[in-house]
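Trainee: Have a look at this one.
The values are calculated or read from the model by the stated rules, or taken from the named source; none is laboratory data. These numbers come from a predicted model, not from an experiment. We place every Cβ from the backbone using ideal geometry, glycine too, and count neighbours over all the protein chains shown.
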Amino acid sequence: MLEVTSLKKVYRSGEREVEALRDLTFTVDNGDLVCLVGPSGCGKTTLLRCIAGLLEPTAGTVRLDGHPVSGPPPGLAMVFQEYGRSLFPWMSVRDNVELPLKQKKLPRERRTALVEETLDAVGLAGTEKAYPWQLSGGMQQRVAIARAVAYEPSTLLMDEPFAAVDAQTRADLEDLVRALWQRLRVTVLFITHDIDEAVYLGRRVVMLSSSPTVVQDEITIDLPAERDQLHTRADPRFTELRTHVYEQIQAAKRGRPSTEAAV
Amino acid sequence: MLEVTSLKKVYRSGEREVEALRDLTFTVDNGDLVCLVGPSGCGKTTLLRCIAGLLEPTAGTVRLDGHPVSGPPPGLAMVFQEYGRSLFPWMSVRDNVELPLKQKKLPRERRTALVEETLDAVGLAGTEKAYPWQLSGGMQQRVAIARAVAYEPSTLLMDEPFAAVDAQTRADLEDLVRALWQRLRVTVLFITHDIDEAVYLGRRVVMLSSSPTVVQDEITIDLPAERDQLHTRADPRFTELRTHVYEQIQAAKRGRPSTEAAV
Amino acid sequence: MRRAAYVLGLPVVLLAAWFVLSAGSENFYAPPLRQILESFGETWTLDRLGADVVPSLLRLLAGYALAAVLGVAAGVVIGLNRRVRATVEPVLEFFRAIPPPVLVPVIMLFAGIGDGMKVIVIVFGCVWPVLLNTVEGVRAVDGVQLDTARAYGIGGPARLTRVILPAASPQIAAGLRQALSIAIILMVISEMFAASNGLGFTIVQFQRSFAIPEMWSGIILLGLLGFVLSLLFRLVEGRALRWYHGLREAQRRS
Amino acid sequence: MWRSCSHDPGLSVKQRTGLLGLAGPAGLLVLVEALPRLGLVNDAYLPPASRIAAALGDELGTAQFWQAVGDTLLGWAIGLTIAVTAGVVVGIVIGAVPVLREATASTIEFLRPIPSVALIPLAVLLYGTDLGSTLLLVVYAAFWQVLVQVLYGVADVDPIADETARSFRFGPWARVRHVLWPTALPYVFTGVRLAASVALVLAVTAELVIGAPGLGRSIAVAQSSGAVPLMYALIAVTGLLGVAINLAARVFERRSLAWHQSVRGEVPA
Amino acid sequence: GSSGGSGGDTGGDGVDKVKVGVIPIVDVAPIYLGQQKGFFSNRDIELTMESGQGGAAIVPGVVSGQFQFGFSNMTSLLIAQTKNVPIKTVAAGVASTGEAGKDFGGVMVTADSPIKTAADLAGKKVSVNTLKNIGDTTVRESVRKAGGDPRNITFVEMPFPNAPAALADGQVDASWVVEPQLSEVKAAGGRLVASNYVDAAPDLTVAAYFTSAKLAGEDADLVKRFTEAVNESLTYAGSHPDEVRAVLGSYTKIDEKTRGAITLPKWPTEINQASVDTLAKLGAQDGIFGDATPDVAKLLP
Ligand SMILES: Nc1ncnc2c1ncn2[C@@H]1O[C@H](COP(=O)(O)OP(=O)(O)OP(=O)(O)O)[C@@H](O)[C@H]1O
Ligand SMILES: Nc1ncnc2c1ncn2[C@@H]1O[C@H](COP(=O)(O)OP(=O)(O)OP(=O)(O)O)[C@@H](O)[C@H]1O
Ligand SMILES: [Mg+2]
Ligand SMILES: [Mg+2]
């Protein structure tokens, strides 16, 4: 279980001081798929970095399965918002995906199989030998996703992973993430700006307020576990849920919790 | 008028050879707002770079008001897909936005007014003194947008400019672009992955096929010029148009033009 | 063809200018280029090359290789660790500012007067650009790349060899390149002490025995040597940093 | 109770860094004191630190010494200024114009390794043992340091940043000023720091070998007179000058590069 | 006074400004002393001493006219002469004392060295300050005279100040040094095995003052006055050793004790031509002039 308790993060650089997170508390059960939404600049990336142990919070704690997180915990994979900079330009696409697997000391055949499988799944079969900077923005982002997926993590953190891909590919990737989650029961924490995406993907959606950031609201998505792009999105319950999330976000931007009743 | 004629671009690096654009022809009238959609990796960024005169096409020509484009033409502004790398890390947000205005030799007061106005319009008032790397992804992207808008270009090229911002901010920015376009009659070429966005924003939508890339289809968006987020998107015509675009893109991904009748 | 023109164009022009301008030179210390070239052939016979240039080259390569390894290793340690940097930087700066010629006697105290001493003098002088550039390169590694490595548990040696060193490699290359020419300079300086053969020694001997055309021919040979070595270096660098040059050229040329 | 000072909450990071910085030189002093005292080296050839310090103390009182320091610093400063200015200007011009870069590459590679010591006869011929000789050697050696760094720095410009500038139609000068220069600046700083110490090394060497006035000549005189502690004291002064120069450069660099990755964040070890 | 461009700059009051390139060692004490005593200003010469490290730095300075006069050892001058460097000696510089065991330079070994006589140097490693110069040619002559075989001595180049340490460390078997290093090695227990200057020739002229052929031709008057002043200085120095020891303190850092103890060289005013001929012969024998033979007459005044 992932527990975030009273998390606070203040960036200080020179005279400038930014309170990115004020007081954040929520939990994610093992094997859960939680989507995080919130206004731009509210501290989502900051939160994810703290959870991954990449950034030290100013106050509060992050615990994974009861252990406080101080560095990146094993079995964790992360897709960075800055996908372009997170790929190593000196390695081919294949090497970028394979390197973490080597670190996990997987045998060669397994690595090769995983790399091929995931690159294929994100629609990049055939680009193994290219360097990342020879790819389009969306392709780079998919390489970063493939790298995380191939890692077979137990916890997967994704920071706006589909921002640069087209609608169709995005739908495919959404289904990929859900399939993966169902198959391997990984814990997924997924940041997105797309409310529909959050509702379609998540079992729960956590909404953050705008700065100073707290948890604005949380809902459980009580849609059936079997989802598909056509029918789920057409479901009236889907529309209800997305409207609720939308309103909460609107309220968050206005800076106070919505007074409307929960769904 | 912007004329793209038989544009072809092949990337060569070592043994790898990628035909990013095969044969592209279309025109954009002065003062028009055209959205470009197409699958990830189909060559949209490449096309924009060629139009901006940053990249030399392998064959074909780009003409702006009758003159062949060989370098960036005057009065053109571009928002890059790699917004993070397109901002200068050694300058504050204010300086980043102001620098092109200085290059245009605008007087100081005018510059200050423009910078404040546009930063305010993209919701970044108060971050003038921060460095870009102290901002969240979405905020960086908005700085890049502000820079282009403040420049008051006659031609504005935007490469997935809203990819990193949340839904609400995105809606605001969409309205900002439309307002700007209506007020200043700039020619806008706008790349997006969001089909709804393309239909909501554009007066025309150009759809590109997947690689090898040609123009798959083009439609004129015959929605009223006055649009707003609630009513326009609820318009049945809007749904018709977006379905058409969606189907064309689906067809594009399958690699052949859709046989369905035009709308 | 075009490349050859680029490589040879300017040198040919400069040499021609030198040849013409020096043709009537009466100055004892600046003889006509023609005379220098003549003596070049007479001086640098195969025997001479074997007896003087080869030992010099061996010392040079040994010193350079050692300096490269030391510089990169120390540079990584210093660059990665603020405390180490704070501790050793003043001492390093101290030694860096001491001219190698005045240190030679001290080095001789510890290393004797053999080839070892000369190699150490070379190392001592040319380790600095490598070290400094490595430190700067390591410190400037992109934060997102480092975070990526951490998140994926890429630690220990892999973090070093697969992330930090490649990321810093363009700057390390800059340092290595500078070190190369400094190494040649120090080869000459080191051969001014307790040497009995070597290119530097020979040039100094020519200078002392007033064999001025021969001395100039030696300087030209040094230049040629440096040129060839740096060509080799560029070849190696071009291969090792293919990704980097590709990345930089990608948008521009293709 | 004794507490490790690095955990002392009363010390700021800056002070701690300062203390660490003192640890290194202190260690060196102890080593130089111990080696001869323990008989590991003959103290006639490497005297203990205390004796070197005493010799330095005596020397500090003489006008001759300060004159020598002044001469050396003068040659250093003038030479470095010329070299840095020329290196930066030439580097940016060559680096920014691909044709020039290709056409000059081979010549630069040829001239660079020519040892500045080989220029000594030329220097003496032109300037005798005046400041000019020192300058010639200093400028020649330091110039390449700056030039090469600038060339690498210019090559490091992010293509997207450059394209951004081009798309806004920055003129050549504006691109140099706003894109090329800031990108190259960290390299330039490295180059200047390298050049500053190379310039000092060459200034002292020139004085040492040619006999132009300055610390180098004082070292040579002390050496040939068998005044070993004094010789080491003067060498130490050279080193200390180097440390001081570097410190000044560092402070300046920190101020100018607040935005740069190497300054804004530390690579966690 | 002179008017030639290459001559010393003439001050408004008819005083010639003259720069002399010297090596700041014991050998040139007389010229510093003479400057103090006014021997040069008496002759309308305003003297500036420019110190250079050895002939390599001084000769080009003289040839190019940066210095009007220079100081160099005879062998270097002979080498220069064979290469037709346009220079000419104008005055004697310094000479050996001529007394074996009591010269200002010699070959030293450590106290416990198996080398007892110059003959034992055969096959050993010996340091000299400059290879193919006055040091190795005269040391070979010492060995020859002592009945040894000089052919397989390995000479190593090592600046005088570094020699004592190298000798003590066993990096070389013997070192040829001059004052003050000679005293330094003696103080450390070293033993003298050969007085090579004495063995080479009686009253060997070791070094001389010289000028460029151009200046010698154009401004004979200045050269004449300079020679006279130098000669007066040499004579004065020869008869006032205490003042010599004192003046050493002004341009070197030799401590007072050593200054009192060192063996001073002789400063005759005449260049001993026979000894120069011998040096030329020895050099030719060791092949340091290449194919050429020096023309001593052309070099000497
Ligand atoms: N520098 C380059 N070298 C080689 N190939 C390149 C280079 N840049 C782009 N490509 C290739 O050209 C094709 C089109 O790339 P482009 O960036 O134009 O796509 P895009 O339509 O912008 O995609 P996206 O929506 O994902 O950003 C891709 O297959 C890509 O791999
Ligand atoms: N290195 C930093 N230094 C100073 N302030 C920072 C830094 N990184 C982020 N911030 C600030 O912290 C706040 C939260 O940033 P964060 O990147 O977490 O937002 P986000 O929710 O991920 O936004 P987006 O959706 O736009 O990516 C922002 O106001 C930003 O300016
Ligand atoms: Mg973010
Ligand atoms: Mg793109």
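For (1) at pLDDT 90 or above; (2) buried (at least 19 other Cβ atoms within 10 Å of the Cβ); (3) among the aliphatic types (A, V, I, L, M); (4) closer than 30 Å to D:Asn42 by Cβ, each residue gets a yes or a no:
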| position | (1), (2), (3), (4) |
| --- | --- |
| E:Gly190 | no, yes, no, yes |
| E:Ala200 | no, yes, yes, no |
| E:Asp203 | no, no, no, no |
| E:Leu215 | no, yes, yes, no |
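Trainee: Now a separate question. Output the strands (runs of 3 or more DSSP E) that fall wholly within segment B:1-67 and possess 2 or more residues being within 16 Å of ligand 4 (Cβ to nearest atom), or say none.
Mentor: Of the strands (runs of 3 or more DSSP E) lying wholly inside segment B:1-67, those with at least 2 residues that are within 16 Å of ligand 4 (Cβ to nearest atom) span B:2-13, B:16-28, B:33-37.
Trainee: Quickly run through segment B:76-88 and pick out the residues that are of a type in the set (Asp, Glu) and assigned to a helix (DSSP H, G or I).
Mentor: Across segment B:76-88, there are no qualifying residues.
Trainee: Is there any pair with a first residue in segment A:167-193 that is within 14 Å of another protein chain (Cβ to nearest Cβ) and a second that is of a type in the set (D, E, K, R) and away from ligand 3 (no atom under 16 Å from the Cβ) whose Cβ atoms are under 7 Å apart and which are 6 or more apart or on different chains, and what are they?
Mentor: Within 7 Å, the pairs are A:Ala167/B:Asp194; A:Gln168/B:Lys253.
Trainee: Further question: Which condition breaks for C:Val104 when tested against (1) more than 7 Å from every other protein chain (Cβ to nearest Cβ); (2) modelled with pLDDT of 80 or more; (3) in contact with a helix residue (DSSP H, G or I) (Cβ under 9 Å, 6 or more places away or on another chain)?
Mentor: Exception for C:Val104: condition (2).
Trainee: Among the listed residues C:Glu214, C:Glu191, which satisfies the condition of being farther than 21 Å from C:Leu8 by Cα, under 23 Å from the mean Cα position of the chain (by Cα) and more than 10 Å from chain D (Cβ to nearest Cβ)?
Mentor: C:Glu191
Trainee: Can you name every one of the helices (runs of 4 or more DSSP H) wholly within segment D:47-161 that holds 3 or more residues which are crowded, with 20+ Cβ neighbours inside 10 Å and touching a residue at least 40 places away in the same chain (Cβ under 8 Å)?
Mentor: In segment D:47-161, D:49-60, D:63-96, D:120-127, D:131-155 are the helices (runs of 4 or more DSSP H) which contain 3 or more residues that are crowded, with 20+ Cβ neighbours inside 10 Å and touching a residue at least 40 places away in the same chain (Cβ under 8 Å).
Trainee: Let me ask another. From A:Leu241, A:Leu157, grab the single residue that is modelled with pLDDT of 90 or more and outside any helix (DSSP H, G or I).
Mentor: A:Leu157
Trainee: Does segment D:202-220 include one or more residues that are away from chain E (no Cβ under 14 Å) and either under 30 Å from D:Leu131 (Cα atoms) or surrounded by fewer than 24 Cβ atoms within 10 Å (Cβ to Cβ) (or both)?
Mentor: Yes, because at least one residue in segment D:202-220 is away from chain E (no Cβ under 14 Å) and either under 30 Å from D:Leu131 (Cα atoms) or surrounded by fewer than 24 Cβ atoms within 10 Å (Cβ to Cβ) (or both).
Trainee: Taking the condition hydrophobic (A, V, I, L, M, F, W, C) and modelled with pLDDT of 85 or more, does C:Val77 pass?
Mentor: The answer is yes for C:Val77.
Trainee: Let me ask you something else. If you go through segment B:133-182, how many residues are under 19 Å from B:Lys102 (Cα atoms) and of a type outside the set (Ser, Thr, Tyr)?
Mentor: Residues flagged as under 19 Å from B:Lys102 (Cα atoms) and of a type outside the set (Ser, Thr, Tyr) within segment B:133-182 amount to 11.
Trainee: A further question on this structure: Restricting segment B:130-143 to residues that are assigned to a helix (DSSP H, G or I) and within 13 Å of A:Ser40 (Cβ to Cβ), which is farthest from the other protein chains (Cβ to nearest Cβ)?
Mentor: B:Val143
Trainee: Next question. Contact list please: Cβ distance under 8 Å, first residue in segment B:16-45 and over 22 Å from B:Gln182 (Cα atoms) and more than 10 Å from every other protein chain (Cβ to nearest Cβ), second residue in a strand (DSSP E or B) and within 12 Å of ligand 4 (Cβ to nearest atom), pairs at least six apart or on different chains.
Mentor: That search, which allows pairs on different chains as well, returns B:Leu24/B:Leu208.
Trainee: What are the residues in segment A:160-183 that are closer than 20 Å to B:Ala252 by Cα, part of a loop (DSSP other than H, G, I, E, B) and out of contact with any helix residue (DSSP H, G or I) (no Cβ under 6 Å at 6 or more places or on another chain), if any?
Mentor: Listed by number, the list holds a single entry, A:Asp166.
Trainee: Now for a separate question. Just to be sure I understand, how many residues within segment A:47-61 are away from ligand 3 (no atom under 16 Å from the Cβ), within 14 Å of chain C (Cβ to nearest Cβ) and surrounded by 14 or more Cβ atoms within 10 Å (Cβ to Cβ)?
Mentor: 1
Trainee: I would also like to ask the following. Any residue at all in segment E:231-248 that is within 14 Å of chain D (Cβ to nearest Cβ) and farther than 20 Å from E:Val177 by Cα?
Mentor: yes
Trainee: Looking at C:Ser196, C:Ser169, which is the one that is on the phi < 0 side of the Ramachandran plot, more than 14 Å from chain A (Cβ to nearest Cβ) and surrounded by fewer than 24 Cβ atoms within 10 Å (Cβ to Cβ)?
Mentor: C:Ser196
Trainee: State whether the residues of segment A:89-110 include one that is part of a strand (DSSP E or B), within 12 Å of another protein chain (Cβ to nearest Cβ) and at pLDDT 90 or above.
Mentor: No: segment A:89-110 contains no residue that is part of a strand (DSSP E or B), within 12 Å of another protein chain (Cβ to nearest Cβ) and at pLDDT 90 or above.
Trainee: Can you spot a residue in segment E:33-43 that is in contact (Cβ under 8 Å) with a residue 12 or more places away in the chain, on the phi > 0 side of the Ramachandran plot and in a loop (DSSP other than H, G, I, E, B)?
Mentor: no
Trainee: Turning to a different aspect of this structure: If the requirement is being within 16 Å of ligand 2 (Cβ to nearest atom), assigned by TED's automatic domain parsing to the domain that holds A:Leu201 and within 23 Å of A:Gly202 (Cβ to Cβ), which of these qualifies: A:Val62, A:Val28?
Mentor: Sole residue among the options that is within 16 Å of ligand 2 (Cβ to nearest atom), assigned by TED's automatic domain parsing to the domain that holds A:Leu201 and within 23 Å of A:Gly202 (Cβ to Cβ): A:Val62.
Trainee: Right, something else. Can you tell me which residue is nearest to ligand 2 (Cβ to nearest atom) among those in segment A:146-166 that are within 13 Å of chain B (Cβ to nearest Cβ) and aliphatic (A, V, I, L, M)?
Mentor: Only one residue fits best here, namely A:Ala163.
Trainee: Further, regarding this structure: List pairs: first in segment A:235-263 and within 20 Å of B:Val165 (Cβ to Cβ), second of a type in the set (Ser, Thr, Tyr) and modelled with pLDDT under 75, Cβ under 7 Å, 6+ apart or cross-chain?
Mentor: Partner pairs satisfying both residue conditions: A:Glu247/A:Ser258; A:Gln248/A:Ser258; A:Ala251/A:Ser258.
Trainee: Go over the candidates B:Arg49, B:Arg142, B:Arg147 one by one and state the one that is in the same structural domain as B:Leu7 (by TED's automatic domain parsing) and within 18 Å of the chain's Cα centre (by Cα).
Mentor: Step by step, each of B:Arg49, B:Arg142, B:Arg147 is checked, and only B:Arg49 is in the same structural domain as B:Leu7 (by TED's automatic domain parsing) and within 18 Å of the chain's Cα centre (by Cα).
Trainee: Within segment D:164-178, is even one residue assigned to a helix (DSSP H, G or I) and in contact with a strand residue (DSSP E or B) (Cβ under 8 Å, 6 or more places away or on another chain)?
Mentor: yes
Trainee: Applying the selection to segment B:112-129, what residues are among the aliphatic types (A, V, I, L, M) and either crowded, with 21+ Cβ neighbours inside 10 Å or in a helix (DSSP H, G or I) (or both)?
Mentor: B:Ala113, B:Leu114, B:Val115, B:Leu119, B:Ala121, B:Val122, B:Leu124, listed by residue number.
Trainee: Checking A:Leu7 against (1) farther than 21 Å from A:Val215 by Cβ; (2) more than 14 Å from every other protein chain (Cβ to nearest Cβ), only one condition comes out false. Which one?
Mentor: Every listed condition holds for A:Leu7 apart from (1).
Trainee: For C:Leu186, are the conditions met, namely being more than 10 Å from chain D (Cβ to nearest Cβ) and of a type in the set (A, V, I, L, M)?
Mentor: no
Trainee: Another one. Identify all residues within segment E:27-42 that are under 19 Å from E:Phe67 (Cα atoms) and surrounded by fewer than 19 Cβ atoms within 10 Å (Cβ to Cβ); write none if there are none.
Mentor: The one that is under 19 Å from E:Phe67 (Cα atoms) and surrounded by fewer than 19 Cβ atoms within 10 Å (Cβ to Cβ): E:Ser41.
Trainee: Considering segment B:163-192 alone, what residues qualify as being within 16 Å of ligand 1 (Cβ to nearest atom) and modelled with pLDDT of 90 or more?
Mentor: Within segment B:163-192, B:Leu189, B:Phe190, B:Ile191, B:Thr192 meet the criteria.
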